[in-house]
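The values are calculated or read from the model by the stated rules, or taken from the named source; none is laboratory data. Note that this is a predicted model, so its numbers are computed, not measured. As a convention, Cβ positions derive from the backbone with ideal geometry for all residues, glycine included, and neighbour counts pool all protein chains shown.
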Amino acid sequence: MEDIPMPCTCKGCERDISISEEQITRILTNMRPKMECVNDEVYEARLLACSQCEELMSGHTCGISGSIVRVRALAAAQNCPSYHGSRWIGTA
Ligand code: SF4
């Protein structure tokens with residue numbers, strides 16, 4: 001009997017959601033000089049909210065937006081897309 005491929009469980013696309021620390025660090029390094037970023041206090045508050053969120057997938061990806069949360073949280077213009085309202089209250 002032929003193996004049936006497992007369906008992709010990513011909500012946003014069919015790409016593999018695995019990403020390395022090195023890749024995330026490279027993205028963050030490239031972002032800082034090119035866009036308005038939040039300060040460290042806001043950044044940590046946003047990431048704390050993500051770490052406690054049921055939508056966080058694989059420890060790095062927002063299950064609603066498909067964004068890498070460490071990347072999304074750094075951008076001042078971004079917000080949390082939670083269906084229950086932003087979990088980044090006071091940090092947007
Ligand atoms: S819904 Fe908001 S808090 Fe939850 S993982 Fe996505 S960005 Fe983070």
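In the stretch 36-92, which residues are assigned to a loop (DSSP other than H, G, I, E, B), near the ligand (Cβ under 9 Å from one of its atoms), of a type in the set (A, V, I, L, M) and within 23 Å of residue 22 (Cβ to Cβ)?
73
Checking residue 19 against (1) at pLDDT 95 or above; (2) assigned to a loop (DSSP other than H, G, I, E, B), which test does it fail?
Every condition holds for residue 19 apart from (1).
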